[in-house]
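First comes the structure, then the notes that go with it.
The values are calculated or read from the model by the stated rules, or taken from the named source; none is laboratory data. Keep in mind it's a predicted model, so treat the numbers as computed, not measured. Neighbour counts are summed over all protein chains in view; Cβ atoms, including those assigned to glycine, are modelled from backbone coordinates with ideal geometry.
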Amino acid sequence: MPENDLSALESLLKSHEFLYHVNLDRKTADLVFDGRTLKALYEFMGRNSIDYIDFPISSGKESVVFKAYSKGKPVVIKVYKLSTLRFANIWKYIEGDYRFSKERIHRSNIVNIWAKKEFTNLKQLRKYGIPCPRPIAFHKNLLLMSYVGTKVAPAPMIKEVSIDFSEIYNQVVEDLGIMYRKAKLVHADMSEYNLLYHRRKAYFVDLGQAVDRDHPAADYFLERDLRNVVRFFSSKGINCNFENLLKKVKGEPVSE
């Protein structure tokens with residue numbers, strides 16, 4: 001890697017102009033763009049023909065999601081924060097998931113496994129037709145995905161829109177059932193914050209913590225997910241019942 005190119009990246013991150021354009025304060029930028037992430041980003045952009053990073057779509061405690069462009073088309077880069085993504089917080093979603101049982105997981109690489117895990121989960125959802133971003137590539141603590149939104153703005157969370165929630169509720173329930181019975185996954189962090197509204201559909205996002213159905217805590221995670229679904233949609237006037245919802249998702253008979 002040419003040292004001058006990496007230095008150019010570092011200089012850009014230190015410039016007020018960059019922070020102005022991406023709408024990040026100095027503290028946030030320092031948390032996201034540490035030395036290891038800078039090097040990974042440099043490699044990632046070259047491998048995947050990333051033209052430039054545009055602006056942050058969302059920022060949370062554990063990651064920042066940026067809109068970017070690859071060969072002139074919008075994409076999304078998710079940067080997992082090496083400084084704040086805690087080992088103890090994510091280990092419980094990896095331990096017990098047989099798909100990653102052969103990975104040598106330790107504190108120095110667990111964030112990289114997390115990126116791979118979200119890539120794998122998104123790929124599994126796409127296989128069964130569940131609306132979600134299309135995973136493109138991952139590298140260390142970076143994940144490249146398709147962009148969900150319009151030319152004007154990224155897709156909003158469902159909690160931010162005024163729509164007929166009965167239609168969306170039915171779709172979410174159906175897709176949660178497909179996720180559980182066919183894709184054999186449990187989201188494990190389902191809420192109105194992890195559902196985007198785009199083209200009259202709910203798109204599932206933030207799949208890093210999703211676990212295999214045979215995970216030891218899968219039942220607990222599923223029930224927690226469904227209680228969040230009931231809580232949100234009930235607040236929108238939808239008549240939904242936790243016990244019936246759990247049966248629907250598992251494919252069991254529901255008494256009327």
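Some observations on this one:
- Within segment 68-125, if we keep just the residues that are of a type in the set (S, T, N, Q) and in contact with a helix residue (DSSP H, G or I) (Cβ under 8 Å, 6 or more places away or on another chain), the residue that is modelled with the lowest pLDDT turns out to be 84.
- For segment 143-175, the tally of residues that are assigned to a loop (DSSP other than H, G, I, E, B) and polar (S, T, N, Q) stands at 2.
- Residue 203 vs. criteria under 20 Å from residue 129 (Cα atoms), touching a residue at least 24 places away in the same chain (Cβ under 8 Å) and of a type in the set (Phe, Trp, Tyr): yes
- Looking across 153, 183, one residue alone is surrounded by 16 or more Cβ atoms within 10 Å (Cβ to Cβ) and not hydroxyl-bearing (Ser, Thr, Tyr). It is 183.
- Any chance residue 134 is surrounded by fewer than 20 Cβ atoms within 10 Å (Cβ to Cβ) and modelled with pLDDT of 85 or more: yes
- Flag for residue 20 being surrounded by fewer than 19 Cβ atoms within 10 Å (Cβ to Cβ), out of contact with any Lys or Arg (no Cβ under 9 Å at 6 or more places or on another chain) and at pLDDT 70 or above: no
- Odd one out for residue 181, checked against (1) modelled with pLDDT of 95 or more; (2) out of contact with any Gly (no Cβ under 6 Å at 6 or more places or on another chain); (3) not aliphatic (A, V, I, L, M): (2)
- Count - residues of segment 211-238 that are without any contact (Cβ under 8 Å) to a residue 40 or more places away in the chain and within 16 Å of residue 163 (Cα to Cα): 2
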